[in-house]
Amino acid sequence: MGQIQLKQVSKSFGDVEVIPPLDLQIEDGEFVVFVGPSGCGKSTLLRLIAGLEDVTSGSIDIDGDDATAVPPAKRGLAMVFQSYALYPHMSVRKNIAFPLKMAKMDKSEVDKRVANAASVLNLTDYIDRRPSQLSGGQRQRVAIGRAIVREPAAFLFDEPLSNLDAALRVGMRLEISELHKRLDTTMIYVTHDQVEAMTMADKIVVLQAGVIEQVGSPLDLYRTPRNKFVAGFIGSPKMNFIEGAEGQKHGAHAIGIRPEHIDVGNSGPWKGVVGVAEHLGSDTFFHIHDTGLADPLTVRASGEVAFSYGDTIHLTPREDRIHKFDERGIRIA
Amino acid sequence: MATKASRSAARLMISPAVLLLLGWMLVPLCLTLYFSFLRYNLLQIGATPFAGWENYYWFVTDPSFKAAIQNTLVLVGGVLAITTIGGLFAAILLDRPMFGTGIIRIMVIAPFFVMPTVSALVWKNMFMNPVNGIFGRIATSLGFQPVDFFGQIPLASIIIIVSWTWLPFATLILLTALQSLDQEQLEAAEMDGAGWWSRFWFIMLPHLARAITVVILIQTIFLLSIFAEILVTTNGGPGTATTNLTYLIYVSSLLQFDVGMGSAGGVIAIILANIVAIFLMRMIGKNLDA
């Protein structure tokens, strides 16, 4: 079980309100990702759920019981920290066994659970090493191991992959997603990387300045962002925003169109000059200038496309994929 | 830079300093060794015949030698225990954010800068004097018999004075070590269900192990040679109650004018200090590796 409900939860540090009152419902077994730019309060929100910070007002229910005043250890949640926070003087085995030892669990049960966690996470060969003798990915797995032995109601991840290199990050992303499928336990995951959010989440919570901008499945957010912030934050490269005459033509203050929803060719309603072209093999990203719309306009073309620096290019937006926003940046249906 | 020429130039230029330091150490050491084998008393003018191991024999069999060794160990051990445990406690308190942290930290370190003779005299006359001292006054005003510190508990009094001087040192080193502890580790332990005591025992203390060994090593070196505090307060007495090895050497060579005996004591002190150093280096080496 791992159902978490935040009711009118707010947090202030002194006079500064970092999280205005918000409500959030997290269902059992869900993989929820908090995503937002740095300083948006996503880590603070996670720490409130963990109990490492006290809420200023509101209440947190875990599995229907009010846990607002319950100390962190008693909430039945396990957390994986950004720095992994492994205990440097203990072996991998002792690190993983630490929470069980603190719970005064029977020695044979501890050994069984540690061995089990180690084999799940491929740590059996390193079980007697110290954290300093492990690579970043292995340390990450030890931190996860320390979390899973407790069999918590929910896992909390605080930007766990940000210290890993790009290749390892992709690998660990898969491992964590697989772990979630296998354990079927609620996971709350904080990241500033929208790619991690899109690929892992069942439900994404987009935060800005402590305010929940939108909650929904990755594709919901991609297809129908509620406002310009979410539209710009979800998707890579960023959505193009076009204001002025072109917006008015669609009956909106501004329109947004994703780079992948613009076709390139030798004819089309929009025209511009190719600037930098980023060739990725599978895709090509063009940064197009002098369109009179937005500078630069980013366009994705599938595969290898033979336009180069300085060429004139014509663009065709897909009309059904245009997002319209009013003056306040709110989506117009 | 590390060409052959630059290396030999470096050696050449550093050699005067090395030779000076070497001479500074070797000459007194050799003279002490030499004197320790002579029958050399300043009251008997004239010949200083070779005496063999006689000085060593009489120094070691002197009843005050056993007392001195015992007092030295109790003094060093007592001060180490008080300063390490007290320093740990003070460091944990000072690590918490509070009002006026900067000033409080300066005040905490202040005793370390008071010279030993001054601090010992202040303690002797203003705190521990049974008639005029603060402790005596407090005891009298509460209707108790005042404690005659240097008469009844002389060694403990010296330990208190020396601990007062060295507590700031331990506190400061342990405080800096404590501040380098990753807060996320403590939070992780908290999430793992560790109470305050478990966090202290399993996370903080292992983290501080290295700093604690450094405190013990450095203090031991200085505490083995405590002298000024004893000279200005008890003069090694009553009897030999506060005579440590350093003070005993002073007594033999400068109060009894027996240079040979004093030198023999000095050589014994060097050997003892080296034995302690070997043990400590082993202990530290183990701790510093990790």
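Here are some notes:
- Residues of region B:174-206 that are within 29 Å of B:VAL74 (Cα to Cα), surrounded by fewer than 19 Cβ atoms within 10 Å (Cβ to Cβ) and either within 14 Å of chain A (Cβ to nearest Cβ) or touching a residue at least 60 places away in the same chain (Cβ under 8 Å) (or both): B:LEU178, B:PHE200, B:TRP201, B:LEU205, B:PRO206.
- When each of B:SER163, B:SER198, B:SER157, B:SER225 is tested for being out of contact with any Asp or Glu (no Cβ under 8 Å at 6 or more places or on another chain), assigned to a loop (DSSP other than H, G, I, E, B) and not hydrophobic (A, V, I, L, M, F, W, C), the lone residue that passes is B:SER225.
- Filter pass, A:SER177 being of a type in the set (Ser, Thr, Tyr), part of a loop (DSSP other than H, G, I, E, B) and surrounded by fewer than 21 Cβ atoms within 10 Å (Cβ to Cβ): no
- Within region A:78-104, the set of residues being at positive phi and more than 7 Å from chain B (Cβ to nearest Cβ) comprises A:TYR84, A:LYS104.
- Positions within region A:108-165 being acidic (Asp, Glu) and in a loop (DSSP other than H, G, I, E, B), in sequence order: A:ASP128, A:GLU151, A:GLU159, A:ASP165
- Cross-chain or 6+ apart pairs with Cβ under 6 Å, region B:211-229 first and under 12 Å from B:LEU280 (Cβ atoms) and modelled with pLDDT of 85 or more, then crowded, with 19+ Cβ neighbours inside 10 Å and of a type in the set (Phe, Trp, Tyr): B:GLN219/B:TRP166
- Single unsatisfied condition, B:THR242 versus (1) touching a Leu at 6+ places or on another chain (Cβ under 7 Å); (2) on the phi > 0 side of the Ramachandran plot: (2)
- Whether a residue is at pLDDT 80 or above, within 23 Å of B:LEU208 (Cα to Cα), of a type in the set (Ser, Thr, Tyr) and in a helix (DSSP H, G or I) was assessed, and B:THR84 passes this test.
- Checked against (1) in contact (Cβ under 8 Å) with a residue 40 or more places away in the chain; (2) among the small types (Gly, Ala, Ser); (3) closer than 29 Å to A:PRO296 by Cα, A:GLY232 passes all but condition (1).
- For region A:224-245, a tally of residues being within 24 Å of A:THR284 (Cβ to Cβ) and not in a loop (DSSP other than H, G, I, E, B) returns 6.
- Per this entry, B:THR171 is counted among residues that are in a helix (DSSP H, G or I) and crowded, with 22+ Cβ neighbours inside 10 Å.
- Residues considered: B:MET13, B:MET98. Of these, the only one that is among the aliphatic types (A, V, I, L, M), farther than 30 Å from B:SER225 by Cβ and outside any helix (DSSP H, G or I) is B:MET98.
- Number of residues in region B:125-153 that are touching a residue at least 40 places away in the same chain (Cβ under 8 Å) and surrounded by fewer than 12 Cβ atoms within 10 Å (Cβ to Cβ): the value is 0.
- Qualifying strands (runs of 3 or more DSSP E) (wholly inside region A:265-333; at least 1 residues being free of Cβ contacts under 8 Å to residues at least 24 places away in the same chain): A:270-279, A:283-289, A:297-302
Residues are listed down the side, and each one gets a yes or a no for (1) on the phi < 0 side of the Ramachandran plot; (2) loosely packed, with under 14 Cβ neighbours inside 10 Å; (3) among the basic types (Lys, Arg); (4) in the same structural domain as A:GLN214 (by TED's automatic domain parsing):
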residue: A:GLU278; (1), (2), (3), (4): yes, yes, no, no
residue: A:PHE286; (1), (2), (3), (4): yes, no, no, no
residue: A:ALA306; (1), (2), (3), (4): yes, yes, no, no
residue: A:ARG318; (1), (2), (3), (4): yes, yes, yes, no
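- Restricting region A:66-76 to residues that are more than 7 Å from chain B (Cβ to nearest Cβ) and not hydroxyl-bearing (Ser, Thr, Tyr), the residue that is nearest to A:ILE144 (Cα to Cα) is A:GLY76.
- Selection status of A:ILE313, touching a helix residue (DSSP H, G or I) at 6+ places or on another chain (Cβ under 8 Å), of a type in the set (A, V, I, L, M, F, W, C) and either at pLDDT 90 or above or not assigned by TED's automatic domain parsing to the domain that holds A:ASP193 (or both): no
- Looking across region A:137-153 at every residue that is more than 12 Å from chain B (Cβ to nearest Cβ) and of a type in the set (A, V, I, L, M), the one that is surrounded by the fewest Cβ atoms within 10 Å (Cβ to Cβ) is identified as A:ALA153.
The values are calculated or read from the model by the stated rules, or taken from the named source; none is laboratory data. Bear in mind that the values here come from a model prediction, so they are computed numbers and not experimental data. Using ideal geometry, Cβ is built from the backbone for each residue, glycine included, and neighbour counts are taken over all protein chains shown.
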